[in-house]
Amino acid sequence: MKVAPFVMGLCLTTAVVNAAAEEKFKVCADPLNPPYSTQKQDGFENKIADLFAKKLGQSVEYTWFAQRIGFIRNTLNAPVNEREVDSKNFKCDVVMGVPDGDDLTLTTKPYYQSTYVLLIAKGRGYDDIKDAAQLPALPLEKQNTLKIAMFDRGPGTTWLQKNGLLDQGVSYQSMSGDSENNAAMQIDTDLKAKKIDMVILWGPMAAYVIAQSPENSYTVIPMQSTPAIKFDFAMAMGVRKSDKDRKEILDKLISENTTEIQAIMESYHIPLVSITKP
């Protein structure tokens, strides 16, 4: 059944008024997950949360929980008082970064799309690599010296396998549970220690690693998606599946603040590609 445009507008306006009546913009976030979020609130997701809260006349309130299995259950879907049956008062209301179409949440329209990159430390004998396709074409003796990091659940692992380089891969867990280092921090440490020479890394994480070293320390090569392996993904915000009003509010904020969001992302030097829907 089609809904008249003025009725839809009325529903959205009511939702915005209700949201503005709330005092807090309640965010579920990892306290140690640069460049996304930190307890110091200096990640790009923190900055976008600040922007949205100001637009709504609210202040940001965080529920901190490590980004691992059980994150949504212990934050977004967790009532403040666990003894209250059918509680409508939850610890937090918004996850600032989830994959578009995430199964565990109701997702907003995407607000950015990034891609995995091949990040190569300079001065390690691979400065002539300008395309990932050159790696499997290297002489066998040079291939055998490769130390290339990838994640246990990521397209980098698939790419290495398809190109006969899996034996040269150094595997990392995407969710380590480490209270002192997130995955990007560990990759940065290991690159500097020469435990690895290169990594197939998600764009925002690569931007963080690059920012921790002097300029021109790395060669950055965007990985190209193919029908067999997808490297670029759209990211959205997540709310509870029943929270359709809040999704509409966030969709409106994303649409109306595209320029400001883009500026925040670019200030963190995150590689961005055009947002596409599947």
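Worth a mention:
- Summed over segment 189-225, the residues that are in contact with a strand residue (DSSP E or B) (Cβ under 7 Å, 6 or more places away or on another chain) and either on the phi > 0 side of the Ramachandran plot or hydrophobic (A, V, I, L, M, F, W, C) (or both) give a count of 13.
- Checklist (1) of a type in the set (A, V, I, L, M); (2) crowded, with 17+ Cβ neighbours inside 10 Å; (3) in contact (Cβ under 8 Å) with a residue 60 or more places away in the chain; (4) touching a helix residue (DSSP H, G or I) at 6+ places or on another chain (Cβ under 9 Å) applied to Leu146, failing item: (3)
- Filtering segment 119-175 to residues that are in a helix (DSSP H, G or I), within 27 Å of Asn216 (Cβ to Cβ) and charged (D, E, K, R) leaves only Lys142.
- Filter result for the condition that a residue is part of a loop (DSSP other than H, G, I, E, B) and not assigned by TED's automatic domain parsing to the domain that holds Gly154, over Ile249, Ile229, Ile254: Ile229
- With respect to (1) modelled with pLDDT under 95; (2) more than 27 Å from Ile200 (Cα to Cα), the lone exception for Arg124 is condition (2).
- Selected residue (criterion: surrounded by the most Cβ atoms within 10 Å (Cβ to Cβ)) from residues of segment 257-278 that are small (Gly, Ala, Ser) and out of contact with any helix residue (DSSP H, G or I) (no Cβ under 9 Å at 6 or more places or on another chain): Ala263
- Checked against (1) closer than 22 Å to Ile229 by Cβ; (2) free of Cβ contacts under 8 Å to residues at least 24 places away in the same chain, Ile187 meets all criteria but (2).
- Scoring Asn81 on the criteria (1) in contact (Cβ under 8 Å) with a residue 24 or more places away in the chain; (2) over 23 Å from Trp202 (Cα atoms) leaves a single failure, condition (1).
- Residue list for segment 197-220, filter: under 17 Å from Leu160 (Cβ atoms) and assigned to a strand (DSSP E or B): Met198, Val199, Ile200, Leu201, Trp202
- Listed by position, the strands (runs of 3 or more DSSP E) contained in segment 1-118 that have at least 2 residues being modelled with pLDDT of 95 or more and either over 28 Å from Met150 (Cα atoms) or over 14 Å from the mean Cα position of the chain (by Cα) (or both) are 24-29, 59-64.
- Which listed residue, of Gly123, Gly203, Gly164, Gly97, is surrounded by 13 or more Cβ atoms within 10 Å (Cβ to Cβ) and not assigned by TED's automatic domain parsing to the domain that holds Ile48: Gly203
- Some residue of segment 162-173 being touching a residue at least 40 places away in the same chain (Cβ under 8 Å) and either touching a helix residue (DSSP H, G or I) at 6+ places or on another chain (Cβ under 9 Å) or not small (Gly, Ala, Ser) (or both): yes
- You will find that of Leu106, Leu135, Leu119, the residue that is in contact (Cβ under 8 Å) with a residue 40 or more places away in the chain and within 16 Å of Gly156 (Cβ to Cβ) is Leu119 and no other.
The values are calculated or read from the model by the stated rules, or taken from the named source; none is laboratory data. Keep in mind the model is a prediction, meaning the values are calculated, not measured. Counting neighbours? That spans all protein chains shown, and the Cβs are built from the backbone with ideal geometry, glycine included.
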